[in-house]
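Note sheet for the following structure.
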Amino acid sequence: MKLEKRKHHSTGDWNVSSTNWTLDSAIYVSAPSSIRNTTALEFLTALVKTVVVPIANVKEGRIVTCGRFRISFDRIHLIFRYQDANNYYEAMIEPLYSAGYKTVHIRRVLAGVTTTLMEASVTISLNTWYQFRVTWWNDYVGLVIRLEYWTGTAWVKLLDDAYDSLNYWKDVGGRVGLGLYTYEANYWTNADDTEIYGIG
């Protein structure tokens, strides 16, 4: 699979779902800033503009991003095959707040109904930058989705691969991007250094 890569540092590369975000010049991976939401309990999405990505609707691809959480219940979503707010796939990560809680999830949202395809409990620390990536591709079983993080020396799976034999939007693909959710005001979720890879 040959993937086209685009790295997105400019805010002009993104369609953001509301004005409730800012560039954080105090907390970032790459200078001068990262993006963060500014309103608690809002699911803020940032989708790469189709005029920026040569492949407007990515069928198979990868999202790589850095994420940082400051309180339990905060979340980062890696969104792909996005059709609209009620139809897409995602990998969702949130920090562990109690033993046995599922912190990483691969999900399908169809007609507003969320189906969990795979989930697991892993330790995600607060106030720590992580680099995550989600990769999705078509296989004989249908859609395969893999969620990993970078240890500093290697990419490691956060949970078993997810499979969806229904493989929605296989032929049309969809938009890609991020979702940020903060549970409590002043404990914002940050993201930085997002890279998009894809084939149409």
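The values are calculated or read from the model by the stated rules, or taken from the named source; none is laboratory data. No experiment lies behind these values; they were computed from the predicted model shown. Here the Cβ is made from the backbone with ideal geometry for all residues, glycine too, and neighbour counts use every protein chain on show.
One table, with the values for the structure above:
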| quantity | calculated |
| --- | --- |
| Scope segment 108-121; condition in a strand (DSSP E or B), closer than 15 Å to ARG81 by Cβ and of a type outside the set (Val, Ile, Thr); matching residues | ARG108, LEU110, LEU117 |
| Residue under evaluation PRO95, criteria (1) under 15 Å from the mean Cα position of the chain (by Cα); (2) under 18 Å from ILE196 (Cα atoms); (3) in a loop (DSSP other than H, G, I, E, B), criterion not met | (2) |
| The listed residue being basic (Lys, Arg) and in contact (Cβ under 8 Å) with a residue 24 or more places away in the chain, out of LYS170, LYS102 | LYS170 |
| Test: residue in segment 149-166 that is surrounded by 14 or more Cβ atoms within 10 Å (Cβ to Cβ) and in contact with a Ser or Thr (Cβ under 7 Å, 6 or more places away or on another chain) | no |
| Candidates ARG75, ARG70, ARG81, ARG107 - the one that is within 13 Å of PHE132 (Cα to Cα) and among the charged types (D, E, K, R) | ARG75 |
| Elements of type strands (runs of 3 or more DSSP E) in segment 7-91, at least 3 residues being modelled with pLDDT of 90 or more | 21-24, 34-37, 43-48, 60-68, 75-84 |
| Residue identified as farther than 23 Å from TRP21 by Cα, of a type in the set (Val, Ile, Thr) and without any contact (Cβ under 8 Å) to a residue 40 or more places away in the chain among THR135, THR123 | THR123 |
| Qualifying positions in segment 92-119 - farther than 20 Å from ARG62 by Cα and at pLDDT 95 or above | LEU110, ALA111, GLY112, VAL113, THR114, THR115 |
